[in-house]
Amino acid sequence: MTFYHQQVLKIRDELYPNEHLCNQIIQAKRFMDGQLERNINLTVIAQEASFSKFHFIRLFKRMYGKTPYQYLMMVRIEEAKRLLLTGKTVQEVCFSVGFDSTSSFTGLFKKITGSTPTAFKSRQSKW
């Protein structure tokens with residue numbers, strides 16, 4: 001075994017000491033990816049991974065560098081950007097990615113991207 005390989009294994013063991021826990025977190029991430037249109041909450045996601053909410057948040061952030069909420073919002077906004085480019089209305093996109101109101105969707109979209117969904121859509125259509 002090379003020195004480099006030993007160092008990689010050491011880092012892996014420090015960051016991800018239990019492969020079973022990692023697999024549960026990955027399963028929860030996949031669950032979140034497949035539930036973008038639903039209004040899911042942390043309790044449901046943590047139950048999917050068989051963890052308490054607080055333990056799940058710690059492990060998820062350790063693996064992905066974001067809390068589950070931050071990750072879910074980022075994925076939803078990326079999907080929203082993709083859907084806006086297909087010609088769907090802002091309202092259709094909003095509900096397609098799991099938001100309850102267009103105002104909360106628009107506010108978060110603007111916070112993350114720097115522009116409103118309508119401005120994003122019109123700017124992209126000019127290209």
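The values are calculated or read from the model by the stated rules, or taken from the named source; none is laboratory data. No experiment lies behind these values; they were computed from the predicted model shown. For neighbour counting, all protein chains shown are included, and Cβ atoms are generated from backbone atoms with ideal geometry for every residue, glycine included.
(1) farther than 28 Å from A119 by Cβ; (2) at pLDDT 90 or above; (3) under 13 Å from the mean Cα position of the chain (by Cα): which one isn't true of V97, the others all being true?
Failed condition: (1).
Residues in region 111-127 that are surrounded by 15 or more Cβ atoms within 10 Å (Cβ to Cβ) and closer than 11 Å to I77 by Cα: how many?
Total satisfying the criteria: 3.
Take region 46-90 and flag every residue that is polar (S, T, N, Q) and under 10 Å from the mean Cα position of the chain (by Cα).
Within region 46-90, T67, Q70 qualify.
Condition first: surrounded by 15 or more Cβ atoms within 10 Å (Cβ to Cβ) and either among the hydrophobic types (A, V, I, L, M, F, W, C) or not in a helix (DSSP H, G or I) (or both). Now tell me which residues in region 96-110 satisfy that.
Within region 96-110, V97, G98, F99, F105, L108, F109 qualify.
Any idea which of (1) outside any helix (DSSP H, G or I); (2) in contact (Cβ under 8 Å) with a residue 24 or more places away in the chain is the one K66 doesn't satisfy?
Status for K66: all satisfied but (2).
Among the candidates K29, K88, K61, single out the residue that is under 21 Å from R123 (Cα atoms) and either part of a helix (DSSP H, G or I) or touching a helix residue (DSSP H, G or I) at 6+ places or on another chain (Cβ under 9 Å) (or both).
Just one listed residue meets the conditions, K88.
Please give the number of the condition T106 fails out of (1) within 30 Å of Q24 (Cα to Cα); (2) outside the structural domain of E19 (by TED's automatic domain parsing).
If we test T106 against (1) within 30 Å of Q24 (Cα to Cα); (2) outside the structural domain of E19 (by TED's automatic domain parsing), just (1) comes out false.
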